[in-house]
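The values are calculated or read from the model by the stated rules, or taken from the named source; none is laboratory data. Bear in mind that the values here come from a model prediction, so they are computed numbers and not experimental data. Cβ coordinates were reconstructed from backbone atoms using ideal geometry, including for glycine residues, and neighbour counts include every protein chain displayed.
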Amino acid sequence: MEIKKIAVIGGGTMGNGIAHVFALNNFKVHLVEMTDDLINKAMDNIKTNLDRQVKKEIIKEDQKQNALNNISKVVGLDGVPNDIDLVIEAIFENKEVKLSIFNKLNLQIKPDSIFATNTSSISITELSASSRQDKFIGMHFMNPVPMMKLVEIIRGYSTSDETFQIIKSLSEKINKVPVEVFDYPGFISNRVLMPMINEAIFALMEGVATAEDIDTVMKLGMNHPMGPLSLADFIGLDVCLAIMEVLFNGFQDSKYRPCPLLKKMVAAKKLGKKSGEGFFKYSN
């Protein structure tokens with residue numbers, strides 16, 4: 001099976017980044033959002049990011065224009081064409097909403113197409129329960145998608161070898177590095193990363209050091225490009241909490257217990273960069 005036409009469900013940070021990369025590599029992309037305002041905002045973000053690549057001489061102006069021509073705007077799931085080869089869901093981390101999307105598209109899209117989810121932590125096997133299980137897979141891109149090379153490819157319990165090989169090859173065609181991961185809570189990236197971030201929040205809550213000093217220790221002492229608390233702000237504290245809850249519920253191990261300070265900050269809507277304040281303050 002050759003992948004030519006792709007539907008990306010969700011035009012937020014991850015969705016528009018995924019659409020950007022596939023369109024730049026000459027795939028036809030249908031970018032799906034629920035309202036005209038949201039789809040126009042997603043396209044504006046893609047244009048801005050492409051312009052930035054032109055300015056940095058990563059791509060040329062004609063490549064930018066070709067990428068934009070490869071993207072079709074779609075409002076609502078009903079507008080997704082039947083002949084899509086690959087669906088990539090990239091909405092927020094909510095299992096029930098993701099399942100409802102896949103259940104609807106399963107009846108709408110041709111039966112030999114592949115369904116993928118960009119979930120950062122939710123079980124691939126559980127998300128595939130009501131749709132084409134052998135053709136269901138995880139494609140966990142990293143943020144920002146145009147810059148980050150890694151794609152975690154997560155097999156569900158019933159994902160076929162053929163589906164895995166198709167998605168692995170596709171990832172290489174868009175200049176990403178695919179890594180095979182099996183379906184356990186948090187996969188690899190977030191199973192390792194999020195407990196580190198959570199422990200940094202515990203250290204802050206316990207008064208071990210200031211937020212600035214915790215980040216400085218990890219940057220200068222461990223050679224991390226960004227401190228864990230800055231990174232949490234960049235990811236979104238609500239997303240960090242959701243992933244920690246998936247880990248805690250999935251493993252039933254107290255080492256994954258979300259820090260009370262993290263829960264308190266999310267309740268207070270101090271979500272990080274996107275809200276203007278998290279562990280640090282931002283001018284959005």
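Filter region 32-74 down to the residues that are of a type in the set (A, V, I, L, M, F, W, C), in contact (Cβ under 8 Å) with a residue 40 or more places away in the chain and either in contact with an Asp or Glu (Cβ under 9 Å, 6 or more places away or on another chain) or buried (at least 18 other Cβ atoms within 10 Å of the Cβ) (or both) and list them by number.
Just the residues of region 32-74 that are of a type in the set (A, V, I, L, M, F, W, C), to begin with: 32, 34, 38-39, 42-43, 46, 50, 54, 58-59, 67-68, 71, 74.
Among the residues that remain, those that are also in contact (Cβ under 8 Å) with a residue 40 or more places away in the chain are: 32, 34, 67-68, 71, 74.
Answer for region 32-74, where residues must be of a type in the set (A, V, I, L, M, F, W, C), in contact (Cβ under 8 Å) with a residue 40 or more places away in the chain and either in contact with an Asp or Glu (Cβ under 9 Å, 6 or more places away or on another chain) or buried (at least 18 other Cβ atoms within 10 Å of the Cβ) (or both): Val32, Ala67, Ile71, Val74.
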Among the numbered conditions (1) closer than 30 Å to Ser130 by Cα; (2) in contact (Cβ under 8 Å) with a residue 60 or more places away in the chain; (3) of a type in the set (D, E, K, R), tell me where Lys255 comes up short.
(1)
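Based on what the data block shows, is Ile59 assigned to a loop (DSSP other than H, G, I, E, B), more than 17 Å from the chain's Cα centre (by Cα) and not acidic (Asp, Glu)? Can you show your working first?
Values: assigned to a loop (DSSP other than H, G, I, E, B): yes; more than 17 Å from the chain's Cα centre (by Cα): yes; not acidic (Asp, Glu): yes.
It is true that Ile59 is assigned to a loop (DSSP other than H, G, I, E, B), more than 17 Å from the chain's Cα centre (by Cα) and not acidic (Asp, Glu).
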Restricting the search to region 200-234, which residues are under 19 Å from Phe248 (Cα atoms) and touching a residue at least 40 places away in the same chain (Cβ under 8 Å)?
Ile201, Phe202, Ala232
Quickly run through region 255-268 and pick out the residues that are closer than 22 Å to Ser123 by Cβ and either touching a Phe, Trp or Tyr at 6+ places or on another chain (Cβ under 8 Å) or at pLDDT below 95 (or both).
Tyr256, Arg257, Pro258
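Quick grid of which residues meet (1) free of Cβ contacts under 8 Å to residues at least 12 places away in the same chain; (2) in contact with a Ser or Thr (Cβ under 9 Å, 6 or more places away or on another chain):
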{"position": "Pro144", "(1), (2)": "no, yes"}
{"position": "Ile154", "(1), (2)": "no, yes"}
{"position": "Asp161", "(1), (2)": "yes, no"}
{"position": "Gln165", "(1), (2)": "yes, no"}
{"position": "Lys168", "(1), (2)": "no, no"}
{"position": "Asn175", "(1), (2)": "no, no"}
{"position": "Ile188", "(1), (2)": "no, no"}
Kindly provide the set of residues from region 121-164 that are closer than 18 Å to Val87 by Cβ and either assigned to a helix (DSSP H, G or I) or assigned by TED's automatic domain parsing to the domain that holds Ala242 (or both), ordered by number.
Ile124, Thr125, Glu126, Leu127, Gln133, Asp134, Lys135, Glu162, Thr163, Phe164
Please count how many residues of region 185-224 are among the polar types (S, T, N, Q) and in contact with a Pro (Cβ under 8 Å, 6 or more places away or on another chain).
1
Grab the helices (runs of 4 or more DSSP H) fully contained in region 192-284, keeping just those with 2 or more residues being over 21 Å from Thr13 (Cα atoms) and among the aromatic types (Phe, Trp, Tyr).
237-251
